[in-house]
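The values are calculated or read from the model by the stated rules, or taken from the named source; none is laboratory data. Not measured: the values here are computed from a predicted model. When we count neighbours, we look across all protein chains shown, and the Cβ atoms used for this are built from the backbone with ideal geometry, even at glycine.
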Amino acid sequence: MEDFEEYENALFKCYNVLQLEGNKKKNEMFIQWIEKDFNIHFDNFALRFLKKRVT
């Protein structure tokens with residue numbers, strides 16, 4: 001479980017960096033890679049991550 005928690009933390013940090021950087025082309029490329037490699041929808045992942053932290 002600790003590894004999964006670390007995975008989620010790292011993935012959320014990556015999400016934040018991409019959002020803050022604001023490079024649309026780079027964001028699209030990385031988001032496609034991440035969604036394909038991890039079989040997730042990145043925005044939905046971020047929402048679920050935040051909801052878990054708030055409740």
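For region 34-46, name all the residues that are assigned to a helix (DSSP H, G or I) and surrounded by 11 or more Cβ atoms within 10 Å (Cβ to Cβ).
Of all residues in region 34-46, those assigned to a helix (DSSP H, G or I) come to 34-38, 42-46.
If the condition is that a residue be assigned to a helix (DSSP H, G or I) and surrounded by 11 or more Cβ atoms within 10 Å (Cβ to Cβ), then ILE34, GLU35, PHE38, PHE42, ASP43, PHE45, ALA46 are the ones that fit.
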Exercise. Search region 1-26 for residues that are of a type in the set (Gly, Ala, Ser) and pair each with any residue that is modelled with pLDDT of 95 or more and surrounded by 11 or more Cβ atoms within 10 Å (Cβ to Cβ) when their beta-carbon atoms are under 8 Å apart and the residues are at least 6 apart or on different chains.
Key: none
Quiz item: Can you pull out the residues in region 29-51 that are farther than 17 Å from PHE4 by Cα and over 13 Å from the mean Cα position of the chain (by Cα)?
Solution: MET29
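If I filter region 21-32 for residues that are at negative phi, in a helix (DSSP H, G or I) and in contact with a Lys or Arg (Cβ under 9 Å, 6 or more places away or on another chain), do I get at least one hit?
Within region 21-32, not a single residue is at negative phi, in a helix (DSSP H, G or I) and in contact with a Lys or Arg (Cβ under 9 Å, 6 or more places away or on another chain).
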Exercise. Could you please find all residues in region 1-27 being surrounded by 11 or more Cβ atoms within 10 Å (Cβ to Cβ) and basic (Lys, Arg)?
Key: LYS26
